[in-house]
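*Asks:* Let me give you the structure first, and then I'll get to my questions.
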Amino acid sequence: MKSKNIVALALLTGMGVVLHAITPPIFMGVKPDMMLVMMFLGILLFTDVKSVVLIGLVSGILSALTTGFPGGQIPNIIDKLITAFIFYGLLSLLKNISAKSIVAIVLTAIGTLISGFIFLTSAYIIVGLPGAFIGLFAASVLPTVLLNAVLMAVLFPITKSINKRTKLNEHAIHL
């Protein structure tokens, strides 16, 4: 893995952790997880297994450090690692579609849904939930899906433009 790739992934996760840390919980300690958008951008930029493992693990650890959910540390790590690989797999399946921005936005929405489900399920198994699963999912995950999709719609064209100018990664699947 190249140094510039690691630096770019570190910058994305750094921005993600700031977004995650300053975002207030919206329902029973569950925050909108905007760290996911940065993780997804990292996977879109660097589509190799090493990068996916790295950004999934680092995103999980940083999310665990800034979680507002009681006992949400381990579920955050589990959630980010699994979600990173599911996103990577879906991205690999859709790499030949020409509507790159739409693919990025749709995959972000799907990835956020999957992430929320995995997080709440693992939290339920490990520490229990402070409310009903359906209520937590509807009140926190569904609004986060919309928020993350909008954020990706704004950030993806910017990332695409930066990638073209700097040639950060000429082999990115979807840029």
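*Asks:* Restricting attention to region 14-30, and to residues there that are within 13 Å of the chain's Cα centre (by Cα) and crowded, with 23+ Cβ neighbours inside 10 Å, which single residue is modelled with the lowest pLDDT?
*Replies:* My answer is His20.
*Asks:* Next question, about the same structure. Please determine whether any residue of region 91-102 is β-branched (Val, Ile, Thr) and crowded, with 18+ Cβ neighbours inside 10 Å.
*Replies:* No; the residues of region 91-102 include none that is β-branched (Val, Ile, Thr) and crowded, with 18+ Cβ neighbours inside 10 Å.
*Asks:* Taking only region 47-64 into account, find how many residues are out of contact with any helix residue (DSSP H, G or I) (no Cβ under 6 Å at 6 or more places or on another chain) and open to solvent by less than 40 Å² (accessible area, probe 1.4 Å).
*Replies:* The qualifying residues number 2.
*Asks:* Given Val106, Val141, Val145, which one is open to solvent by 40 Å² or more (accessible area, probe 1.4 Å) and not charged (D, E, K, R)?
*Replies:* Just a single option satisfies the conditions, and that option is Val106.
*Asks:* Of everything in region 4-24 that's part of a helix (DSSP H, G or I) and polar (S, T, N, Q), which residue is farthest from Asn148 (Cα to Cα)?
*Replies:* By that ranking, first place goes to Asn5.
*Asks:* Moving on. Here is a list: Leu91, Leu146, Leu129, Leu81. Which entry is farther than 19 Å from Val52 by Cα and part of a helix (DSSP H, G or I)?
*Replies:* Leu146
*Asks:* May I pose another question? Given Val103, Val127, which one is modelled with pLDDT under 95 and under 17 Å from Leu151 (Cα atoms)?
*Replies:* After ruling out the rest, the residue left standing is Val103.
The values are calculated or read from the model by the stated rules, or taken from the named source; none is laboratory data. Small disclaimer: the values here were computed from a predicted structure and weren't measured. Positions of Cβ are generated from backbone atoms using ideal geometry, with glycine treated the same way; all protein chains shown enter the neighbour counts. The accessibility values were calculated without ligands, DNA or RNA, using every heavy atom of the protein model including side chains. Shrake-Rupley method; radii C 1.70, N 1.55, O 1.52, S 1.80 Å.
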